[in-house]
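**Q** For reference, the structure I am asking about is given below.
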Amino acid sequence: MESNAQYAERDYWESRFEKESHYEWLAGFDSYKEVLLKYINPAQRILHIGCGSSDLSMRLYELGFTNIANVDFSETLIASRKKEYPEMEWICDDITTLSQITDSSYDVVLEKATIEALLVKEKSVWSPSSSALRTLDAVWAAVSRVLVPQGIFLSISFTQPHFRVPALLRSPAWNVQTDLFGEFFHFFVYVCRKGEGNGEMMERYAKMSPDWLRSASEE
Ligand SMILES: C[S@@+](CC[C@H](N)C(=O)[O-])C[C@H]1O[C@@H](n2cnc3c(N)ncnc32)[C@H](O)[C@@H]1O
């Protein structure tokens, strides 16, 4: 039976990408383009993580963003994308380590709907498991490591700020702002700037959503 839990499994994505050449999770480029372009410029080196079969990188490339590398853990996807779009870099890697990526090598890290895929086995949006928190801590550490000191991490998501902002604030590396798009149903662009403190946001979210900020070793 089909279940969302499969989105956390690499094998699921491998077999899916044997057949799928384009699918857009959450929203298409035209719906978030205006918001996204407020935060990036074509001179920047961009790393798109969990790229899947989205056309986000190709649409940016058409707008002059020619320095883009894409990461996904599906070998099938990366091999076919390499052939189809050789003008960009395609790297098979796990976003919990980004082990193929050198420290401080990107100005922007970008993701859409991939953090959601990592959390599909969670039973409660208020009380994440320790395993989920460890996964997020690993992703944030990897993203922060590959960003330059003033780098920016942009996360395009349907998860409400109540839950996603404290999840992002687990990283001591960045300050988190929320932008949004969509007319009837809102989606979010979380803007994480490296090298800026969290200030009073941490205190606010520690009261509102404490479980997202607890130590990952507690159960
Ligand atoms: C929900 S899809 C989103 C795809 C694309 N970003 C979009 O918006 O259409 C999640 C993608 O993340 C990839 N993925 C999931 N977990 C990953 C991990 N730990 N490391 C690298 N890629 C991962 C999957 O292979 C899949 O392409």
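A short reminder: the numbers here are calculations on the coordinates, not readings from a lab. These numbers were taken from a predicted model, which means no experiment stands behind them. Cβ sites come from the backbone with ideal geometry, for glycine too, and all protein chains shown count toward neighbours.
**Q** Using a cut-off of 14 Å between beta-carbons, work out the net charge of the residues near Gly151 (Lys and Arg +1, Asp and Glu -1, Gly151 not included).
**A** 0
**Q** Take the cross-link list Lys33/Lys83; Lys33/Lys207; Lys82/Lys123; Lys123/Lys207; Lys83/Lys194 and give me the ones stretching past 31 Å between alpha-carbons.
**A** Too far apart for the 31 Å limit: Lys33/Lys207; Lys82/Lys123; Lys83/Lys194.
**Q** Based on the Cβ-Cβ distance from Glu196 to Glu84, what FRET efficiency comes out when R0 is 41 Å, to the nearest 0.05?
**A** 0.60
**Q** Hey, another quick one. Which helices pass in the chain if a helix is a full DSSP H run, must span at least 20 angstrom along its long axis by Cα, and must have mean Kyte-Doolittle hydropathy not below -0.5?
**A** For the chain, where a helix must reach 20 Å along its axis and average at least -0.5, the hits are 130-146.
**Q** Here's a follow-up. Would you mind counting up the charge near Glu75? Only other residues with Cβ under 10 Å from its Cβ, with Lys and Arg at +1 and Asp and Glu at -1.
**A** Cβ neighbours under 10 Å give a net charge of -1.
**Q** With +1 on the Cβ of every Lys and Arg and -1 on the Cβ of every Asp and Glu, and nothing else charged, how large is the dipole of the chain about its Cα centre, in debye rounded to the nearest 20?
**A** 460
**Q** Let me ask something else about it. What is the sum of charges around Ile49, taking Lys and Arg as +1, Asp and Glu as -1, for the other residues whose C-beta is under 12 Å from the C-beta of Ile49?
**A** Around Ile49, the charge tally is -3.
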